[in-house]
Every structure is written in C-alpha cells, then in structure tokens.
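Only one structure is covered here, and it is reproduced in the block below.
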Amino acid sequence: MAEGGGLENRIPPRVGRGFESLPLRHASGELRVRRWTVRIALALLGGLGSYVGLSALLFVAAMHRASLSQEAHLHPALPALRPDDRLLIIAPHPDDEALGCGGLIATAAAQGIPVRVVYLTSGDGFTVAAALTARSTPDPAECLQLGEQRAQEARRGLETLGLSAPDAVFLGYPDRGLLPMATRPNRVYRSAATGAQRVPYPDAQSPNAPYLAPALVADLRRAIAEFQPTRVFTTHPLDDHEDHAAAAMLTREAIAQAVQSGELRAPALYYYLVHYGDWPLPQGMHPDRPLAPPLGLAHERWQVFWLGDAARARKRAAIHAHESQYAIMARFLSSFVRRSELFAPAPPIHPNYTLPADDNPTIHLQPHADLASVQTQTGREGVRVSIETRQPLRAPYQLELTLLSVDAAGNWSDTRWRYPNRRLSARKEGNLLHLWLPHRPLADAERAYLMARTTVYGAELDRSGWLPIPLPAAGGESGVPADASAPQSAPSPAR
Ligand SMILES: [Zn+2]
C-alpha cells in the first residue's frame, strides 16, 4: 500500500519538460524530429494503453453483470446433515474455515454433530499482516508470533461457532509454501517468512516434522484417521491462492492413503472456494444475499447450504475473531457473510478436465495462454497429455507440466517439463497441443497428479490445479498403444 503523501515525490519529471526548457537556438531540426518521435510514441503508447485498459474494464463490467445475475437457488441443496455425520474441515490458513464453512460448522455444532478443523498452516507467511502488526518489515520471530496469534484467533473463532479447543488441530506447515512443497515433494522447503524448515510450533500435531509434502500428508492422514469423518471439506483445486490449490491435492492424497490402508471408510469429499478473482460479488457486507459461484466456475456441480439467522450471526462473529485479517481486508472477509454457502462434491478421477476459460481480464487479453482443457492417457511408461488453449499456444508463452506419482509404500516422485522443448515429443492440432511425457515411476504408481501452468517470461498466467489422473489397470497393458501415445511426425522422445 502506498502512502498518499509520498506519491508526488516519486513521480518522475515529465518527458517533454527537458525539451521545453532548452533555449530556442538549440532546438535544431534533429531535436524537433526527436521531440515529435517521442510525442508520437507516447501518443501511440497512450492509445494502446487506453485501448487495453478500456477493453479490460468493459470485460470486467460484463463479467460482474453476468456473475450478479446468477441465482443460487438454481443449485441443488447440500445433502442434509445427519446425526451420525462427522465433519472434518481442512483450512489452509486460520480464517478459511470461517469464510468457507462458518455457517455449516455453526449449524452442525448446534445439532451436536462432531466437527473438527485441521489447519495446514498457521498463516505465518502473510507478511502484510505481519508488517501491520509489527509496524516494520517483519523478521522471522515476528512471523512466528503472527502464526501464534492467528492460531489463537482461530480458536476464538471456533468457540464462537460452538466448538471447543480440542476441535482445532494445527499442523504448522509453511504459509505460502504448500504448492512449492507439493511441486518438489522430496526437497525440504524453507519458509521465506519464518526461516523454518520444520514445524516450529510446540503445540502443533507433529512438532519438528520436516517441511516435506509426504510428511504433511502423513500428518493429515493421522488427523483424518483419528477423527473418522463422514464428510471432508477442503479448498477448491482452482482457488487462486497457491496454498488452497495445493490443499485440495494434499487432502485427496491423505484420504486415499488412509482408505487404502484400511484406516478409514471413504468419506464424501467437498470443495469450498475462498479466493477467485474479485469474487464473491458484490463485495462487502450483504448478509441477505445468497452466495453465487464465480462465473468461471459456474458449471461446477455446486450444492447450496442455507444458513439460518443464528448460524449466519455466529459466522459473522467468527470472521470478526480473525482480528489480524479483519484489520486489513474487512470488505473481502465480510463478503462471505451471506444467506448461503457453496460446496462442490469432488469429482472422481477422470481423463478429461474442462477448465474455466476467458474469465479474468489478464487471460482475456492473452488467449494463447488460456488453458481450456486437459486430457490424459496413461501408460506404464508415461502419459500423453493433450492441452487445449483458447488460441494456439505460441511464443513468448510457455507451458510447464509437473507430474507427481505416489507408490504403494508412500514414495513420491516428480518430473517437470517445459514446452517449447526440442527434446519433448509434441504435435500441434489447432488449439490442441499433444505431448508425450516419459515418466517411468508411473509403472509402480498407485496415484498420479498432473499440473499444467502457462507462463510468460516466468510469470504465471493460468494454472490447472492438480488433476488426479487415471492409471493403467494393474497387470494390464504394458504401455500406451504406440499410435495413441507417440505423436506421429514428431521427434522421438528423449529416453
Ligand atoms: Zn487461506
């Protein structure tokens, strides 16, 4: 945030001023030409800027209009809570549980239905909040202090919702670190905020556990198996926040491991959403409006949970309990105090994922990097991935693919590819790009997840979230059929 007073001092002198102050006799023909070149260039840039700005503005206005016209009651209701239900809420950070599920938690607690909340991180990497709390650039100790404070706020919030202290489980993994941890699961992550490489909180479930995705999943699996939930709620894989996107996959994997080992009967898994562009619209406190999904995710199979007056009031108070967050983004947090909450049942693993396209101004202006769908076909030697973009993918845009696999013993393996890449087998077909990715560990894999990202000069433009992909049946085919996998008229894959 910029302080208003200092802004003028930072504005550089206007470009034309230097020419104007020159004595007339120095204004030679060459100088006049240069002056006009600069003016024309500035006019062109200005014109381009206003065109881009205006079209982005019109696009956002159209999106808002379309979003606001959506009706929440068109979605089916979340299946009613039952007396034998046990709800487990996975929150990447303290406050996500209140924003996404506060009404659900309050309603269940009032009916005597057991609810437990597992916090993957304590929100210790949110440096803006830390800076506000500390009134300077926060050092690692202050970030850890913020983590403790946010855990405390979360406990108070849960009390407001009708839960008690033992209903909150803190795992203490790094805020802003879940996606890097998931992307490189065998490398210990170091938090830029706290400097920690292990869980630093003595009251976490596993103090000193290393910052590794397999350790987090083992921790989460233990929390899930101990509670034996009938329904689990975690953040949506297409949530804009990296930690939230990673939490979807980490939760899925923890449940899969617990079910596979016989520790758990498969619970129903639901996604809730917190960060998605400027959603929820309209922003701010509108307690009498229902929560409508964002336009880009309107086609999800959302289910509505309607809040009674008491549950809504408790949710509002629980959000207020997160004081460190409320101090800096009250308007955003208040946007979740609505008549309803939305949950999307996690779909089963499938080979063809449709992704939201053309639903934010950045991607609207860069259709070559707008991921529209991802299809996979897996064999024991690797996977053929077909990526659809709104316009054919081309330079300077790049595609980055990460494939994770987990074997029966819980060992993780990861590989990354970048396209364009001469060593990668590829074939283009209109807006489709087919890629053949060799990945031997798939032969022993129990589960695999693929993430596609488009970037421009290193900056991310679009992301698919972790897509669980189907594996070839055990003892089945020995590889992807040659005609379907290795694209014709393409260089042979580097082995
Ligand atoms: Zn969060």
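The values are calculated or read from the model by the stated rules, or taken from the named source; none is laboratory data. None of the values given here were measured: they were computed from a predicted structure. Cβ atoms come from the backbone with ideal geometry, glycine included; neighbour counts cover every protein chain shown.
One table, with the values for the structure above:
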{"item": "Residue under evaluation Ala408, criteria (1) surrounded by fewer than 19 Cβ atoms within 10 Å (Cβ to Cβ); (2) of a type in the set (Gly, Ala, Ser); (3) closer than 12 Å to Leu371 by Cβ, criterion not met", "result": "(3)"}
{"item": "Selected residue [at pLDDT below 90 and in the same structural domain as Phe305 (by TED's automatic domain parsing)] from Ala61, Ala131", "result": "Ala131"}
{"item": "Any hit, segment 255-275, residues being in the same structural domain as Gly102 (by TED's automatic domain parsing), under 30 Å from Leu404 (Cα atoms) and among the charged types (D, E, K, R)", "result": "yes"}
{"item": "Filter result for the condition that a residue is touching a helix residue (DSSP H, G or I) at 6+ places or on another chain (Cβ under 6 Å) and closer than 24 Å to Ala77 by Cα, over Ala266, Ala246, Ala321", "result": "Ala266"}
{"item": "Output for segment 234-263, where each listed residue is farther than 20 Å from Leu179 by Cα and buried (at least 21 other Cβ atoms within 10 Å of the Cβ)", "result": "Ala258"}
{"item": "Residue within segment 389-397 that is in contact with a His (Cβ under 7 Å, 6 or more places away or on another chain), charged (D, E, K, R) and surrounded by fewer than 22 Cβ atoms within 10 Å (Cβ to Cβ) present", "result": "yes"}
{"item": "Matching residues, segment 234-253, being farther than 16 Å from Phe170 by Cα and more than 12 Å from the chain's Cα centre (by Cα)", "result": "Arg252, Glu253"}
{"item": "Where Arg416 falls short, out of the listed (1) of a type outside the set (Gly, Ala, Ser); (2) part of a loop (DSSP other than H, G, I, E, B); (3) within 18 Å of Ala245 (Cβ to Cβ)", "result": "(2)"}
{"item": "Subset of segment 209-252 (residues that are assigned to a helix (DSSP H, G or I), out of contact with any Pro (no Cβ under 9 Å at 6 or more places or on another chain), under 29 Å from Glu460 (Cβ atoms) and among the acidic types (Asp, Glu))", "result": "Asp219"}
{"item": "Inter-residue pairs, beta-carbon under 8 Å, first free of Cβ contacts under 8 Å to residues at least 40 places away in the same chain and in segment 335-352, second crowded, with 19+ Cβ neighbours inside 10 Å and of a type in the set (Asp, Glu), 6+ apart", "result": "none"}
{"item": "Test set (1) in a strand (DSSP E or B); (2) away from the ligand (no atom under 16 Å from the Cβ); (3) touching a Ser or Thr at 6+ places or on another chain (Cβ under 7 Å) - Arg116 fails condition number", "result": "(3)"}
{"item": "Candidate set: segment 236-256, residues that are more than 19 Å from Arg453 (Cα to Cα) and in contact (Cβ under 8 Å) with a residue 60 or more places away in the chain; chosen: the one nearest to the ligand (Cβ to nearest atom)", "result": "Thr251"}
{"item": "Top-ranked residue in segment 269-299 [being surrounded by fewer than 16 Cβ atoms within 10 Å (Cβ to Cβ) and under 21 Å from Leu78 (Cβ atoms); ranked as nearest to the chain's Cα centre (by Cα)]", "result": "His299"}
{"item": "Filtered residue count, segment 207-218, keeping only those that are surrounded by 23 or more Cβ atoms within 10 Å (Cβ to Cβ) and more than 16 Å from the ligand (Cβ to nearest atom)", "result": "3"}
{"item": "Failed item in (1) among the aromatic types (Phe, Trp, Tyr); (2) within 16 Å of the ligand (Cβ to nearest atom); (3) closer than 20 Å to Ala168 by Cα, with Phe227 passing the rest", "result": "(2)"}
